[in-house]
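Data block below; observations after.
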Amino acid sequence: MIAGPAVTNGARTPDPTAAAAIVRDHFGAPLPPIALILGSGMSGLELDDPRSVRYSDLPGWPRVSVAGHAGELVHGLLAGVPVLSLRGRAHMYEGHRPADVVAPLRVLHAVGVRVLIATNAAGSLDPLLPPGHLMLIADHMNLMARSPLAGPVAGSESRWPDLKDCYDPELRKIIREAAREEGIALREGVYAGVLGPSYETPAEVRMLRVLGAQAVGMSTVPEAITARALGMRVAGISCITNRASGAGAGPLAHDEVIEVGGALTPTLTRLLARALPHI
């Protein structure tokens, strides 16, 4: 019998056991040690020999409702390297609890994933980082006013993970070298994670610049924190889809984010295809 969600102090914590069993049965063993999370508009990143399972078929896996997030877990090859690809993610602004948003990370860890490459769509806070470019995340600011680790400790996770090198220096070196070899312009900077779903005000943009962020978005931070608590290595790549509020010529729109994210997907694919064989 598969165990159900654990209940501690009245808080219901998603149990990865049932979903992990389905993933193993569906894809077979061994499962890849590398997983990709694809951000808004990037679900078009194609793998060779793909097989997929819908999030709705995985117990405890949060449902996605945002346009540009396909909502399926794909097993396949990229540059000959086996990977699991999450085509879309859940966000706290959709009404999910932090523990639900990061439930997929606990499932991935349970099936043997040890390296997470998280991508996202982000707004640029830096005049030298225009839309249509990629940014390698060197560090983040958690401005979501909550942590995915708050509450009972899940499984063997660290209660107090050290986030000094949250974004693995060796993975960043590999990705920088891959960008150089492919002739891809790749900035490195700090990602500010905010709750959303509204875009930032011009005053908030000025504040984020003063704090030292180069890009802002509404995801990735909870996943990176949880992955590190699980002992996974993390890399993050922001696809710069728009300028932050007040820095562009017109109002911001999610359709624009999806469009630019889709246009950047071939570049992201080339970058990952070059980097993955060295990870």
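The values are calculated or read from the model by the stated rules, or taken from the named source; none is laboratory data. As the structure is a prediction and not an experimental result, all values here were calculated from the model. Don't worry about glycine lacking a Cβ; one is built from the backbone with ideal geometry, like all the others, and counts go over all protein chains shown. Remember, those area values only see protein heavy atoms, side chains included, never the ligands or the DNA or RNA. Shrake-Rupley method; radii C 1.70, N 1.55, O 1.52, S 1.80 Å.
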Margin query: Just to verify a result, which residue in region 51-101, among those that are among the β-branched types (Val, Ile, Thr) and under 17 Å from Gly196 (Cα atoms), is nearest to the chain's Cα centre (by Cα)?
Written below: Val101
Note to self: For region 43-67: of the residues being within 11 Å of Arg89 (Cα to Cα), open to solvent by less than 30 Å² (accessible area, probe 1.4 Å) and of a type outside the set (Val, Ile, Thr), which is modelled with the lowest pLDDT?
What the structure shows: Ser43
Notebook entry, point to check: Name the pairs whose Cβ atoms lie under 6 Å apart, with the first residue in region 40-66 and on the phi > 0 side of the Ramachandran plot and part of a loop (DSSP other than H, G, I, E, B), the second surrounded by 19 or more Cβ atoms within 10 Å (Cβ to Cβ) and aliphatic (A, V, I, L, M), and 6 or more positions between them or separate chains?
Noted result: Gly41/Ile258; Gly60/Ala19; Gly60/Ala103
Next item on the list: Show the residue pairs that are 6+ apart or on different chains and have beta-carbon atoms under 9 Å apart, the first residue being within region 19-38 and among the aromatic types (Phe, Trp, Tyr), the second being assigned to a strand (DSSP E or B).
Entry: Phe27/Arg51; Phe27/Val53; Phe27/Leu73; Phe27/His75; Phe27/Leu84
Note to self: Report every pair of residues separated by at least 6 positions or lying on different chains whose Cβ atoms are under 7 Å apart, first residue within region 72-97 and of a type in the set (Gly, Ala, Ser), second part of a loop (DSSP other than H, G, I, E, B) and modelled with pLDDT of 95 or more.
What the structure shows: Gly76/Leu47; Ser85/Leu47
Notebook entry, point to check: If you take the residues of region 100-120 that are among the small types (Gly, Ala, Ser) and open to solvent by 20 Å² or more (accessible area, probe 1.4 Å), which of them is farthest from Ile237 (Cα to Cα)?
Noted result: Ala110
Next item on the list: Could you tell me which numbered condition Val74 fails, if it satisfies all but one of (1) out of contact with any Gly (no Cβ under 6 Å at 6 or more places or on another chain); (2) at pLDDT below 95?
Entry: (2)
Checklist line | Of the criteria (1) part of a loop (DSSP other than H, G, I, E, B); (2) under 22 Å from Tyr191 (Cβ atoms); (3) out of contact with any helix residue (DSSP H, G or I) (no Cβ under 8 Å at 6 or more places or on another chain), which one Ser147 fails | finding: (3)
Item checked: Subset of region 154-166 [at pLDDT 90 or above and aliphatic (A, V, I, L, M)] -> Leu163
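Quick grid of which residues meet (1) assigned to a loop (DSSP other than H, G, I, E, B); (2) closer than 25 Å to Gly95 by Cα; (3) touching a Leu at 6+ places or on another chain (Cβ under 9 Å); (4) modelled with pLDDT of 95 or more:
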{"position": "Ile184", "(1), (2), (3), (4)": "yes, no, yes, yes"}
{"position": "Ala192", "(1), (2), (3), (4)": "no, yes, yes, yes"}
{"position": "Ser198", "(1), (2), (3), (4)": "yes, yes, no, no"}
{"position": "Ala213", "(1), (2), (3), (4)": "yes, no, yes, yes"}
{"position": "Thr241", "(1), (2), (3), (4)": "no, yes, yes, no"}
{"position": "Gly248", "(1), (2), (3), (4)": "yes, no, no, no"}
{"position": "Leu252", "(1), (2), (3), (4)": "yes, yes, no, no"}
{"position": "Asp255", "(1), (2), (3), (4)": "no, yes, no, no"}
Check: Among the residues of region 153-181 satisfying the criterion of being in a loop (DSSP other than H, G, I, E, B) and within 15 Å of Ala138 (Cβ to Cβ), which is most open to solvent (accessible area, probe 1.4 Å)?
Finding: Lys164
